[in-house]
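Remarks on the structure that follows.
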Amino acid sequence: LVLGLLRFFSSSSRKKMAKKAEDKKADKPASKSGGKAKKKKWSKGKTRDKLANSAMFNTETLEKLTKEVPSYKLITQAVVSDRLKIRGSLARRAMVMLSEKGLIKPVVRHNALAIYTRATAAGEE
């Protein structure tokens, strides 16, 4: 009796194992075709044009600096650098120079950002 039960269970378990193996074989071709699909191409990203800002003053930009910059309402390193096409370090020095001459006055002087405005002639705010 015991041997009969063992044979019964062992034969039924063999059938189950065979079915599972067949199911796995049937699934494999489907998974292979998924791997053959084209991979996503990554974009190179947006590239900015290189700025060709000058590193030294020439007579043209120096005249522009002394005439136009004191008339700006907001004067920062970025504004001066962008409008005069000069480097940021040069713009910083130019703002200090104009401030010493009294053409512009500082609003906020901070380590990271200096904000200046035009100097009013008579009325100090």
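The values are calculated or read from the model by the stated rules, or taken from the named source; none is laboratory data. Given the structure is predicted, the values throughout are model-derived calculations rather than measurements. When we count neighbours, we look across all protein chains shown, and the Cβ atoms used for this are built from the backbone with ideal geometry, even at glycine. The area values use the complete protein model at the heavy-atom level, side chains included, leaving out ligands, DNA and RNA. Shrake-Rupley method; radii C 1.70, N 1.55, O 1.52, S 1.80 Å.
Using a simple spin-label model with pseudo-atoms 7 Å out from Cα toward Cβ, A37 and N111 lie 5.2 nm apart.
Counting only protein chain heavy atoms and rolling a 1.4 Å probe, the accessible areas of R109, R48 rank, largest first, as R48, R109. The string of couplings for region 50-62 from the Karplus curve (6.51, -1.76, 1.60, θ = phi - 60°) is 6, 7, 10, 7, 6, 9, 9, 6, 10, 4, 5, 6, 5 Hz, one whole number per residue in order, with x for Gly and Pro. What the phi angles of region 86-94 give under the Karplus curve with 6.51, -1.76 and 1.60, with θ = phi - 60°, is a coupling list of 10, 5, x, 5, 5, 5, 4, 5, 5 Hz, glycine and proline written as x. Model label sites at N58 and S71, defined 7 Å from Cα along the beta-carbon direction, differ in position by 2.3 nm. Exceedance of the 21 Å cut-off in Cα-Cα distance is limited, within the set K50/K73; K64/K85; K64/K105, to K50/K73.
Between E100 and T47, take the C-beta separation as r, use R0 = 41 Å, and let me know the FRET efficiency to the nearest 0.05.
On the way: r = 40 Å, r/R0 = 0.96.
Plugging the Cβ-Cβ distance into 1/(1 + (r/R0)^6) gives 0.55.
Residues whose amide H falls under 5 Å from that of A114, counting only those 5 or more places apart or on a different chain, are Q77, with hydrogens built in the peptide plane.
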